[in-house]
Each structure stands twice: as structure tokens, then as C-alpha cells.
Amino acid sequence: MRVVIAGGGSVGQFIAQQLHGAGHDLVIIDNDPRVVKEGLRSGEPVGTDWHEGDACELSTLAALHVEQAEVVAAVTGDDEDNLVVSLLAKQEFGVPRVVARVNNPKNEWMFNDLWGVDVAVSTPHLITALVEEAVSVGSFVRLLSFEGGRARLAEVTLAEGSPADGRQIADLHVPRDATVVAVLRSERIIVPRGDTVLRAGDEVLVLVTDESEESVRHLLVADLPT
């Protein structure tokens, strides 16, 4: 898979390093000559094709044939730049998947499909969600958003008295536009099937949409008002 990364700082380099290990074809664009020079000199991350240029410029992306990329990751330290890169990648080059880094959590509302963003990653929000997930039982915790916020991955640690406790997943009648993607039980991952019986204490990961989230909450969380 060809991946173009806008931003050659520590975040971009780490992403490239991880993806190289999975065998992907990687390109990093950065407008700082020193960053690019150091990347070329060191050969790090391994297997990365470094290019100096402004990823917010249409000509820069065209010269690198961004239309051939399966994924563009806009991970600079500037939210405005990340939005411009995302918009160009999606609208001008038709890149199937655009992932953007949110530096200022107050700007997250802009990172949606109108700006070409398929997945927005806000580190402060993610950390907050993970902290909440670690200390909350019986709460519906949003972890990640996709498709401009229309779909999201959420987690519920089933409390005693949860409507799902002791029931098979098939019997919950989860909405068609939602799905249980994993169950974590006693440090073991269970791939959910229709006959999987949920128990109090299970960490249930669900993929939901705006339309299905409330229904899924009522299926998994105890004592929700009707």
C-alpha cells in the first residue's frame, strides 16, 4: 500500500517506521530543508522516500503522484495545514483514505468530510477517553471517530445489572448499522459471534453510527432513563 505522509517530524517519522515494518510504500513530505536533509542523510525511517516541499501546494502533491496513494496522513504540527492537505488529497486527487492529526482539540469540529478528512485523531481527546475507559464501569466511552464523526468506536465495561449480562449477542438485536467488534475478558480477546454470551466485567468494543448509538447504549448500559 502506498502511503503519503505530510509532516516529517517525530509523529510522521514514527508512523513511517511502523508502517515500513508492515511492508508499505512510504513517502514523507516536509517543507523544512533541514528535516528532509537529516532524513536523507540518516536513511531513517528505513524504506522512506523523503521529499522537500509544501504539501499544501497542489503542484507538490501532483509531482509526487498522490493520486496513486491509498492513504494520505496529514500529521504536521499545524491544524490549518493538515486541513488543506486533507482537502487537496480528497477533492483533487481522490485519495480513498485521509487521516488527519488534530493538534488543538478546539479545532476537532472542523476535521470532517467537508475538509476531506475520513479519520481525525485528537491526542488530547483520545487520552481523555482512555483514562475514562480505565476508570469507568458501566459507562459508554467514545474512543475514536471515523467518517467525519458519523461512525465511532466505543467501549463499555459491562456492570452488574447490564441488560446484556448473561445474554447472547444475537439475542440483543444490535441495530444493523452497529456491530460488536471485540470482547475483552480477563486479559483475553474474544472474537464475537452470535452465540457469544456477554458477562459483567467484559469490556465490549462496539462500532456505532449517530443513528444507532443511543440504541446500543440501552442494550449495554444499566439503568439508562427511558
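For Glu92 and Glu214, what does the FRET efficiency come to when R0 = 35 Å and r is the distance between their Cβ atoms, rounded to the nearest 0.05?
0.40
Angle, helix 10-20 long axis vs. longest principal axis of the chain, Cα atoms, 0 to 90°, nearest 10?
Compared with the principal axis, the helix lies near 80 degrees.
Say R0 is 22 Å: what FRET efficiency, to the nearest 0.05, do Asp32 and Glu80 get from their beta-carbon distance?
0.85
Dipole of the chain, Cα-centred, from +1 at each Lys and Arg C-beta and -1 at each Asp and Glu C-beta, to the nearest 20 debye?
480 debye
Around Ile28, which amide H atoms from residues at least 5 apart in sequence, or from another chain, sit under 5 Å from its own amide H, with H modelled in the peptide plane?
Ile5, Asp49, Trp50, His51
What does the helix-only formula give at 222 nm for the chain: each DSSP H stretch with n ≥ 4 adding -39500 (n - 2.57), the total divided by the residues, and the result rounded to the nearest 500 deg cm²/dmol?
Dividing the helical sum by the residues of the chain leaves -7500 deg cm²/dmol.
For the chain, with the dipole built from +1 on Lys and Arg beta-carbon atoms and -1 on Asp and Glu ones, taken about the Cα centre, which of Ile29, Ser186, His173 lies farthest toward the positive end?
Positive-end residue among those listed: Ser186.
Can you bin every Cα-Cα distance in the chain into 10 Å intervals starting at zero and give me the percent of pairs per bin, rounded to whole numbers?
Spelled out bin by bin, the chain gives 8, 28, 27, 20, 13, 3, 0 percent.
List residues of the range 175-199, by number, whose backbone nitrogen lies under 12 Å from a label position 7 Å along Cα→C-beta of Gln168.
Within reach of a label on Gln168, which here means backbone N under 12 Å from a point 7 Å along Cα→Cβ, the range 175-199 contributes 193-198.
If each residue's Cβ is checked for other Cβ atoms within 10 Å, how do Thr123, Thr179 rank with the fewest at the top?
Thr123, Thr179
Along the Cα→Cβ direction, 7 angstrom out, place labels at Arg2 and Glu57. What is the inter-label distance in nm?
With each label point 7 Å from Cα toward Cβ, the separation is 2.1 nm.
Only the coordinates and a few stated rules stand behind these numbers; no lab work does. On a predicted model such as this, the values are computed, not experimentally measured, just so you know. Using ideal geometry, Cβ is built from the backbone for each residue, glycine included, and neighbour counts are taken over all protein chains shown.
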